Amino acid sequence: MAKEETTAITPTRAEDYAEWYQQIIRAADLAESSPVRGCMVIKPWGYTLWENIQREMDAMFKATGHRNAYFPLFIPKSFLEKEAEHVQGFAKECAVVTHYRLIQDEKGELVVDPEARLEEPLIVRPTSETIIGEMFAKWVQSYRDLPLLINQWCNVVRWELRTRMFLRTAEFLWQEGHTAHETAEEAMEETRKMLDVYRDFSEDYLAVPVIRGRKTESERFPGADETFTIEAMMQDRKALQAGTSHFLGQNFAKASGIKFQSQAGTEEYAWTTSWGTSTRMIGGVIMTHSDDNGFVVPPRVAPAHVVVLPILRDDSRQKVLDYVAEIAAELRRTFYGNRPVEVEVDSRDIRGGQKKWDWVKKGIPIRLEIGPRDVDSGVVSFARRDQAVNQTQAVPRAELAATVARVLEEIQAGLLAKAKEFRAQHMRPIGDWNEFTGFFTAKNADKPEIHGGFAVSPWCGSADCETKVKEQLKVTIRCIPLDEVPDGGFDRCVVCGGEKKETAIFAKNY
Ligand SMILES: [Zn+2]
């Protein structure tokens, strides 16, 4: 028990970060692996978190004029072939449907009916530019039909061999926005606007600070003219790409025939964009905030805000349960932000210590313990997930609702501040190659994950220098930052010493 008091998760972050991550998911009951390799089952605690993310983002999309629609799961193979770069980018990870029927053979075994071969194979969507483009071509005739601002919430499949829950799975949930515009300027404005929506969502709701930036050519979305990204730093100092927004130029409009009659009467191709975020964000939340006692989740997206743990003894059972029911009802009438406080009551007949730790591991922001003595004195024992597990305070019942609302905001703000502080400590300008390689070289051979963080370094713009850092150090250019970062004012490429073209953020990444 004494050991459990110091850390509930084994191994700790410092001992084995990758395994710690898996253990957090298990201990918080967020998801588990499925009988289908590479696919996960998202359990209620994880799925409610996703629903909260979805609801808040959806409101932001709608406030910027977008509407939801739904397009088919299957994409005809010929559609994918229309955009040359696009097909190259996705061909290696496509699930393909070739038949539509099973039959029993002479031994009674279920086999694919060879007679039931599809004339044209169908691809399970890895992303929907091509099928949505096909529909946009029908919907857009005139400049009056533009802009067309559509979003879709769905699942996609990319056949991954090395998978990790939430971060990289063969099937995942996401949203994909697709828009068409009259001019390049409007399409670029949309691309940047949605990048800002992602930044705002990530920081204001997930408490995950991000750097906005532009991807280099080699890291661009296949078929895009420009890809923008938000990059976050995890606690192992690796980068996580948490959302991308693509300016597609006229590439997909030409491939799908999205044409319109302009105000001047000429026929023009539309300019399109696409942008996406996924259940990967949950991986980012886990790795940004959680600790060695379990999951830590920002209150604004938490599956629940408060758990009430009644301390039940035979002689006072009913008295305590009645008091707990009143408190739960009162809290559920309290608002936190734009939604009521979500309260769980855990009356399971198990040891109090185990019950408490179960909820610590699940990351619930506030725990209230209530025993017979609390009922008599009209107080509640109050504990916060962002403080030591055994640190509690007695809050008078009359002040409880206001305290809960205030503390949830404090926790939310505290998580963002802590993550920003962590990033600031591990991001630094580097202009010298030796310092650069040292920064990205493991300090201990048995802990290859411990390295410096984000290097803000001058780059000549050549793909050769990108390849060199990738091959030698497993480091990539995460982005050319749009946000202000400490750049050191260097003027020679950190890799080759050539003339600096850009300042780039280099890091290891997920
Ligand atoms: Zn260079």
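The values are calculated or read from the model by the stated rules, or taken from the named source; none is laboratory data. Since the structure is predicted, the reported quantities are computational estimates derived from the model, not experimental observations. Every residue, glycine among them, receives a Cβ derived from its backbone with ideal geometry; neighbour counts consider all protein chains shown. Calculation scope for accessible area: heavy atoms of the full protein, side chains included, ligands and nucleic acids excluded. Shrake-Rupley method; radii C 1.70, N 1.55, O 1.52, S 1.80 Å.
Before we move on, is Glu471 open to solvent by 60 Å² or more (accessible area, probe 1.4 Å), at pLDDT 95 or above and away from the ligand (no atom under 16 Å from the Cβ)? No: the conditions fail for Glu471.
When region 147-177 is filtered for residues that are in a strand (DSSP E or B) and within 30 Å of Ser262 (Cβ to Cβ), the ones remaining, listed by number, are Leu148, Leu149, Ile150, Asn151, Gln152, Glu176, Gly177.
Listed here are the residues, each with its yes/no results for (1) within 15 Å of the ligand (Cβ to nearest atom); (2) at pLDDT below 95; (3) closer than 30 Å to Thr12 by Cα; (4) over 27 Å from the mean Cα position of the chain (by Cα).
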site: Gly414; (1), (2), (3), (4): no, no, yes, no
site: Ala419; (1), (2), (3), (4): no, no, yes, no
site: Phe422; (1), (2), (3), (4): no, no, yes, no
site: Arg428; (1), (2), (3), (4): no, yes, yes, no
site: Thr437; (1), (2), (3), (4): yes, yes, yes, yes
site: Lys443; (1), (2), (3), (4): no, yes, yes, yes
site: Ile450; (1), (2), (3), (4): no, yes, yes, no
site: Ser462; (1), (2), (3), (4): yes, no, no, yes
site: Arg478; (1), (2), (3), (4): no, no, yes, no
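Just so you know, in region 498-510 the residues that are away from the ligand (no atom under 13 Å from the Cβ) and assigned to a loop (DSSP other than H, G, I, E, B) include one that is farthest from the chain's Cα centre (by Cα), and it is Lys508.
For region 341-351, a residue qualifies if it is open to solvent by less than 50 Å² (accessible area, probe 1.4 Å) and not in a loop (DSSP other than H, G, I, E, B), and exactly one does: Val343. Filtered by the rule that a residue be free of Cβ contacts under 8 Å to residues at least 40 places away in the same chain and closer than 20 Å to Arg237 by Cα, region 15-53 gives Glu15, Asp16, Glu19, Gln23.
Condition first: free of Cβ contacts under 8 Å to residues at least 24 places away in the same chain and either part of a strand (DSSP E or B) or under 22 Å from the mean Cα position of the chain (by Cα) (or both). Can you find one or more residues in region 67-89 that meet it? No; the residues of region 67-89 include none that is free of Cβ contacts under 8 Å to residues at least 24 places away in the same chain and either part of a strand (DSSP E or B) or under 22 Å from the mean Cα position of the chain (by Cα) (or both). Between Pro486, Pro481, the distinction of being free of Cβ contacts under 8 Å to residues at least 60 places away in the same chain, more than 12 Å from Lys508 (Cβ to Cβ) and surrounded by fewer than 22 Cβ atoms within 10 Å (Cβ to Cβ) belongs to Pro486 only.
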